[in-house]
Structures are given as structure tokens and as C-alpha cells.
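> Handing you this structure, nothing more for now.
The values are calculated or read from the model by the stated rules, or taken from the named source; none is laboratory data. These figures come from a predicted structure and were not determined experimentally. Ideal geometry is used to build each Cβ from the backbone, glycine not excepted, and the neighbour counts take in all protein chains shown.
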Amino acid sequence: MTTEPTAPPPDLTKRPERGDELDLRIESLAFGGNGVARLALGDRGYVVFVRGAIPGDRVRARVTKRKRDYAEALTLEVVEPGPDRIAPVADHPGAPWQVLAYEQQVQIKQGQVDDALRRLGRLDGFELEPIVPAVEQWRYRNKLEYSFGVDEAANLVCGFHAPGSWSRILHVEDCLLASERGNAVRRGVFEAVRAMGLGAYDRRTQQGFLRNLVVREGRRTGDVQVRLVTSPGEFDEDAFLAAIEPLAVQSVVWTQAAGVAETTQGGRDILLAGADRIAEELSGMRFALSAEAFFQTNTEMAEQLYGVANEYAALRGWDRVYDLCCGIGTIGLTLAPRASEVIGVEIVEQAVIDASANARSNEIDNARFIAGDVRVVLKDLAEADGPRPDVVVVDPPRAGLSKKVVARIAEASPKRIVYVSCNPTTLAPNAAQLVEAGYRLARVRPVDMFPQTPHIECVALLERA
Ligand SMILES: C[S@@+](CC[C@H](N)C(=O)[O-])C[C@H]1O[C@@H](n2cnc3c(N)ncnc32)[C@H](O)[C@@H]1O
């Protein structure tokens, strides 16, 4: 009798190699949402972070990256599902946590905020308040960025990157994180560019035209902006506009991006039709937003997030407020009616122009916005030797604040710092530095802005001790 030759199983007493297939039992979830498995190597074991796996799962996974202290792997097959795994609602790479019940998702997020602050920040004595659950568990995003690519038969597709792949795009028909209208617009634009015979950009060969499609909605105004991101080149703008006319969108922008990296930021924007900005309503105000300006992607939950920031800021009518990393001014402008003065600082110039326009259109005359790097602007404000802020609100990107910026905030010596964070692992060291500088971490409240994903948002209140 002959037997099929099979690849020998990897030696689990050695560090795995890239490409190895491992049989792993998942112990816990890491920040960022990957499952954690441990190989019995050395004294402390060797950790493998497994994408697409949850605690209790036994999975077959392929190693995608190997480092000295850890490896990363992608789930190929769930051999035995963990006790908490539920059936997914949709095949959607942007919703990896849909295999966990929603109640469990929020419980894990709450626990991860606590863990980050205590373990990474070595902080204690603060009140961790219950997470604010999301209003909508699906179709909550007001902005989706899709990628163009090709399928196995070289047909044009538009959707999301396959998990762990920078080149393979999975076509999407109904994105359950977008509204029905947002989906209809994506389908309409996709049909238009396909009918025009346009091809997808291939980063390996650096050939091809279509890169990304950004669909952004004002959920409460009905405004929709279509932004087509392409390589530099020519295309028949009139034919494109005619083809998408039935979609009746309020703004059509064409962005030409030259680099190899996949980004929808920093290209050359050309307004093809309609207005250059769309409007959204939030906290009783109306905001205009430019294509490249940041705006919270979950409108309903942004309102709740700002509500928490407002509560923690506890303004009394005469406070001077800095709104750092202010985007189009949303937090500062919602605080302005209870402040004496608001100064917003933001690095994206167009967002600052939007913020000033938003102040005017909402008839707020005690807010001004400065374009620049928060590190430099804080130094300038300190050197100008004007009155100091009573409250600093800061809402940085995922990387958090540099030590220098944290030091400058502490030097400004506000009574309260309201830190809005989209990453508890960077909030933790920043908050620890502020505690070192004489602040007390008083309260923290997570807010679930991103159901079905591992992303965590929270607001922290630090008070001058
Ligand atoms: C998470 S967003 C928050 C925006 C706004 N607070 C909101 O709620 O919509 C972070 C913002 O920080 C800005 N930013 C990033 N680095 C910055 C820097 N060094 N100085 C000033 N702003 C910065 C980004 O452009 C972005 O608008």
C-alpha cells in the first residue's frame, strides 16, 4: 500500500518559520483583536498572535511573520470553535469581531482599557466607568474607503483587502458597515468605472489607474461625497459624471495620488461636481467637512463621545479651553457655549479652514483655530505668555502624543485634561507621564464607536493634583 507524501509537521520545540502551518489553541485576545496562542518554548513560552481567532478556538494557522519574541499568523481553518464563537452575519473583512456576541465585544473592550491603564501605564485609583454601547451595531459608518483590484479572472473588483493581504481585494456587494444609500453609491460608481473600461492600479507593477473609492455621508443631512482616488493620468470626466448623475450626490472629487503607498490622503484633489464640502449635524450644530479633513466615522456615537468630553470638562462659563488635534473643530465648538474662549489646534490646514467656517456658521464667536503642529503651537502659546488654559481637551491619532507634547500640556498647567483616545495602549503611557507631572487620573469611560471590530475609544479625565 502506498501513502501520499505529506509535509512533516513543524517542530513545535523550535521557533516557527514564516509559511509554517500550526495547530494552535487560543488563550486570550491581544490589543488590536488578534487571538493569542503560546508555544511551549523557553521559560516564558513563545507567543503567536493569530488573526481571525478568538479565545477557546483551536485553529490551523499559517505564520505570516516571525520575530525573535513572537510570531504572527493567519487563521486558515477553525478546527474546533471556542465556546463563545457565533455564526458571522456577513463575509466582511472589516468586521472581524462579529463572531462574538455584541455584549461580549463591549465587555472585552472595557477589560482592555482597564488592562492597558493598569498594566502598561501602571496606573490605579481611577474610576473605570461602564462602556457606552453603540446605538447601531451595523451600518454605522459615515465614511468607507474601498480599494480597487482584480479577481482571479482579472475582472475589476471594488471592496476590501483580504485579511493579511496588501494585494488581494475582496469584492463587496453589500457592506454591512455602510448605509443602504452608501452601498448604492458605491455600486453605481463601480458600474460607471467598469463600463468606462478603467483598470485597477497594481502596486507590484505600479501600472493601472483606479486606486480607491471613498464614500462619505452626512448621515443627518443626506449629503454624500464621492471621491475617486487614482494614479495621475487622464480620464473622461464628463462621461464619468454623466454615468453617476442618477446617484444624485452632492460632491464629486477626483484625487490623483502619485506614490506607491496606499493612502487616500495627500493627493491632488480636483472638484469635478457639486460642493467641495458636505455637511453633517452633530450635537445641535451643523458642520461642513472637506474631503481630507478628519471627521468621526460614527455620527451617533461621536455625539455620545463629545457628551462625555463635555461632562468631564465641567465648564463653568468662564473657562479658557484648548482643543488640541481639533480636526474641523467639532469638540471645541460644542464646548464653546460654556467657555469664555476656545483655541483649537490642528495640523491639517484645510480642516482649520473648515473649523473657522463652522464657528461662523454656528454663530460662535469665542473660538479661534490655529493651523500647525501641536508641539510647536503649544510652545508659541506659552511664549506669548497670555492667560493659561483652564481645560485642555486633546484627541490625538492612534499613535498618541509624544513625550514633548505631553510635557508642554503639563507645563500649560490646566486644571483638567480631557483626553479622548482611540487607542488605550498609547493613552496609558501618556496618562502615566501626566500623573508623573502632577496630575491624577480620575475617571475613564470607554465609548463603543466601532461595533464588530476590536477598535476601542475612550475618554479619560486627568485633574491637577
Ligand atoms: C482622532 S482625530 C480627532 C479630530 C477631532 N478632535 C474630532 O473629534 O473630529 C486627530 C486629529 O489630529 C490631527 N493631528 C495629527 N497630528 C497632529 C499634530 N502633530 N498637531 C496637530 N494636529 C494633529 C489630525 O489631522 C486629526 O485631525
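> What are the residues in the range 383-408 that are within 13 Å of the ligand (Cβ to nearest atom) and of a type outside the set (Lys, Arg), if any?
The answer is 392, 393, 394, 395, 396, 397, 399, 400, 401, 402, 405, 406.
> Could you tell me whether residue 83 is part of a loop (DSSP other than H, G, I, E, B), over 27 Å from residue 161 (Cβ atoms) and modelled with pLDDT of 90 or more?
Yes: the conditions hold for residue 83.
> Taking into account only those residues within the range 219-249 that are in contact with a Lys or Arg (Cβ under 9 Å, 6 or more places away or on another chain) and small (Gly, Ala, Ser), which is surrounded by the fewest Cβ atoms within 10 Å (Cβ to Cβ)?
222
> Test residue 180 against the criterion of being among the acidic types (Asp, Glu), surrounded by fewer than 15 Cβ atoms within 10 Å (Cβ to Cβ) and either without any contact (Cβ under 8 Å) to a residue 24 or more places away in the chain or closer than 22 Å to residue 245 by Cα (or both), and give yes or no.
yes
> Let me ask another. For the range 311-319, state whether one or more residues are in contact with a helix residue (DSSP H, G or I) (Cβ under 7 Å, 6 or more places away or on another chain), of a type in the set (D, E, K, R), assigned to a strand (DSSP E or B) and at pLDDT 95 or above.
Checking the range 311-319: not a single residue is in contact with a helix residue (DSSP H, G or I) (Cβ under 7 Å, 6 or more places away or on another chain), of a type in the set (D, E, K, R), assigned to a strand (DSSP E or B) and at pLDDT 95 or above.
> Quick test of your reading of the structure: residue 170 fulfils all but one of (1) within 21 Å of residue 291 (Cβ to Cβ); (2) assigned to a strand (DSSP E or B); (3) out of contact with any helix residue (DSSP H, G or I) (no Cβ under 8 Å at 6 or more places or on another chain). Name the failing condition by number.
Checking residue 170 against (1) within 21 Å of residue 291 (Cβ to Cβ); (2) assigned to a strand (DSSP E or B); (3) out of contact with any helix residue (DSSP H, G or I) (no Cβ under 8 Å at 6 or more places or on another chain), the one that fails is (1).
> Oh, and also: Of all residues in the range 173-224, how many are in a loop (DSSP other than H, G, I, E, B) and not small (Gly, Ala, Ser)?
The total comes to 17.
> With the condition kept exactly as written, say whether any residue in the range 266-284 is away from the ligand (no atom under 13 Å from the Cβ), assigned to a strand (DSSP E or B), crowded, with 19+ Cβ neighbours inside 10 Å and over 17 Å from the mean Cα position of the chain (by Cα).
Yes - at least one qualifying residue is present in the range 266-284.
> Looking at the range 340-351, which of its residues are surrounded by fewer than 24 Cβ atoms within 10 Å (Cβ to Cβ), of a type outside the set (Asp, Glu) and more than 9 Å from the ligand (Cβ to nearest atom)?
The answer is 340, 343, 350.
> Please go through the range 368-382 and pick out each residue that is away from the ligand (no atom under 13 Å from the Cβ) and either in a loop (DSSP other than H, G, I, E, B) or over 20 Å from residue 464 (Cβ atoms) (or both).
368, the sole residue that qualifies.
> For the range 32-50, how many residues are under 22 Å from the mean Cα position of the chain (by Cα) and crowded, with 18+ Cβ neighbours inside 10 Å?
Residues flagged as under 22 Å from the mean Cα position of the chain (by Cα) and crowded, with 18+ Cβ neighbours inside 10 Å within the range 32-50 amount to 5.
> Further question: Taking the range 396-428 only, how many residues are surrounded by 22 or more Cβ atoms within 10 Å (Cβ to Cβ) and in a strand (DSSP E or B)?
Residues meeting the conditions: 5.
> For the range 316-336: of the residues being within 13 Å of residue 416 (Cα to Cα) and touching a residue at least 24 places away in the same chain (Cβ under 8 Å), which is nearest to the ligand (Cβ to nearest atom)?
Ranking the qualifying residues of the range 316-336, first place goes to 323.
> From 165, 231, grab the single residue that is of a type in the set (S, T, N, Q), assigned by TED's automatic domain parsing to the domain that holds residue 248 and within 27 Å of residue 97 (Cα to Cα).
165
> Then there is this: Could you tell me whether residue 354 is under 24 Å from residue 217 (Cα atoms), of a type in the set (Asp, Glu), surrounded by 18 or more Cβ atoms within 10 Å (Cβ to Cβ) and not assigned by TED's automatic domain parsing to the domain that holds residue 224?
yes
> Based on this model, can you work out whether residue 262 counts as acidic (Asp, Glu), out of contact with any Asp or Glu (no Cβ under 9 Å at 6 or more places or on another chain) and either more than 14 Å from residue 230 (Cβ to Cβ) or in a strand (DSSP E or B) (or both)?
Taking the combined requirement at face value, the residue does not satisfy it.
> Also, quick follow-up: Could we say that residue 435 is within 11 Å of the ligand (Cβ to nearest atom) and not in a loop (DSSP other than H, G, I, E, B) here?
Criteria not met by residue 435.
> Next up: Kindly provide the set of residues from the range 384-408 that are among the β-branched types (Val, Ile, Thr) and more than 18 Å from residue 117 (Cβ to Cβ), ordered by number.
391, 392, 393, 405
> Condition (residue is within 30 Å of residue 242 (Cα to Cα), in contact (Cβ under 8 Å) with a residue 12 or more places away in the chain and away from the ligand (no atom under 12 Å from the Cβ)) applied to the range 293-315: is it met by at least one residue?
no
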